[in-house]
1. Would you list the helices (runs of 4 or more DSSP H) that sit entirely within the range 14-104 and hold 2 or more residues that are within 30 Å of Leu114 (Cβ to Cβ), modelled with pLDDT of 70 or more and among the β-branched types (Val, Ile, Thr)?
2. Among the residues of the range 96-111, how many are touching a helix residue (DSSP H, G or I) at 6+ places or on another chain (Cβ under 9 Å), open to solvent by 30 Å² or more (accessible area, probe 1.4 Å) and not aromatic (Phe, Trp, Tyr)?
3. If the Cβ limit is 6 Å and pairs must be 6+ apart or interchain, which residue in the range 214-228 that is farther than 10 Å from Leu96 by Cβ pairs with which residue that is among the basic types (Lys, Arg)?
4. The conditions are (1) in contact (Cβ under 8 Å) with a residue 40 or more places away in the chain; (2) closer than 30 Å to Ala189 by Cα; (3) of a type in the set (A, V, I, L, M, F, W, C), and Leu114 fails exactly one of them. Which is it?
5. Would you tally the residues in the range 107-157 being outside any helix (DSSP H, G or I), over 19 Å from Asp85 (Cβ atoms) and of a type in the set (A, V, I, L, M, F, W, C)?
6. State yes or no: is Leu114 under 21 Å from Arg165 (Cβ atoms), buried (at least 20 other Cβ atoms within 10 Å of the Cβ) and of a type outside the set (D, E, K, R)?
7. Among the residues of the range 121-170, write down those that are open to solvent by 60 Å² or more (accessible area, probe 1.4 Å) and in contact with an Asp or Glu (Cβ under 6 Å, 6 or more places away or on another chain).
8. Suppose we filter Phe171, Phe156 for residues that are of a type in the set (Phe, Trp, Tyr) and more than 27 Å from Arg89 (Cα to Cα); which single one remains?
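The values are calculated or read from the model by the stated rules, or taken from the named source; none is laboratory data. Small disclaimer: the values here were computed from a predicted structure and weren't measured. Heads up, the Cβs are rebuilt from the backbone with ideal geometry, glycines too, and the neighbour counts pull from every protein chain shown. Calculation scope for accessible area: heavy atoms of the full protein, side chains included, ligands and nucleic acids excluded. Shrake-Rupley method; radii C 1.70, N 1.55, O 1.52, S 1.80 Å.
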Amino acid sequence: MDDILSFAGDYWWLIFVIGPVVGGWVGGAAKYNERRRRDRIELERVRRAPIAPVAATAAQQRQADAQADLADRDRQIDRILVDHDEIDRRWLDFELDVAKLIDYPLVTDMREPLTQTFHRAKRVADGLRPAERGELRAAGALERYREAVRDYEVAFEAAVREAKRRAQSGFSDAERSRLESAQRLMALAENEASTPAERQSAYKQARRELDGLIALPDATTQDIERRIAGEIEA
C-alpha cells in the first residue's frame, strides 16, 4: 500500500495523460449504449407498425379504372333520364290541360311544321329510352340517346314558343268564339260541384264546339273522362 501511495505521489502527473483516455472510453461506451437503446426502440416500432398493402398490379389497376368509367357512365345515364322525364312532365302539363290546348292550339296541330318536328323528336327519344341502364353501355348508345333527348327538348321549346306567339291568331272571330265557349263548357264538365247531368251535357257540347277546330290528343280525352268517370256515357 505504501508502495502504491509512493508511486502515485511520484507520478501524479500521469493523471493528465490517462484521464482523457479513460474519459473518452467511458463516453464512447455511453454513446454506444444509447445507440443500441434507440435501435431497439426503432426495431420495436417497425415490428408493431401495420403492414402496408401490396401495390396494385396492372390488371387490378385496369379493373379499377374500368369500374370508375362504368360508374361515371351510369351517372351520365341517370342525368339524361332525369332530363327526359322533365321534358315529358312539361309536355304533360300541356297535353292534360284542355284550357292550354285551346289557348295554344298549334301545339297539337300536326299541320304545323314545328309541331311535327316536336312530335317526331319525342318519338325518337322515347324509342331510345332504355328499360335498364345496361342498354346504354354499348358503344355509341349513350351518345345517341343524349342527342335524341337534346333534340326533343329543343323541338318542344320551339313548338311551344311558336304556339304561344300565334295563339288563336289562325282562327276567325267565329271560331275563336267557339273556342271560348268550349273552354267554359270544359270547366263546367270538370267542376265537381256540378250535377252529373250538367257535367255530361257540358262535356258533349264542348266536344261539338271543338270539332273541326282542335283535335284533342287521346291522352287528353282519356284523362278528362277518367276524372269525371261515371258522369260521361261511353
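1. Once the helices (runs of 4 or more DSSP H) in the range 14-104 are filtered for at least 2 residues that are within 30 Å of Leu114 (Cβ to Cβ), modelled with pLDDT of 70 or more and among the β-branched types (Val, Ile, Thr), what remains is 58-95, 98-103.
2. Within the range 96-111, residues that are touching a helix residue (DSSP H, G or I) at 6+ places or on another chain (Cβ under 9 Å), open to solvent by 30 Å² or more (accessible area, probe 1.4 Å) and not aromatic (Phe, Trp, Tyr) number 7.
3. Sorted first by the residue in the range 214-228, then by its partner, the pairs are Ile228/Arg199.
4. Here Leu114 clears every test but (2).
5. 3
6. no
7. Of everything in the range 121-170, just one residue is open to solvent by 60 Å² or more (accessible area, probe 1.4 Å) and in contact with an Asp or Glu (Cβ under 6 Å, 6 or more places away or on another chain), namely Arg133.
8. Going through Phe171, Phe156 in turn, the sole match is Phe171.
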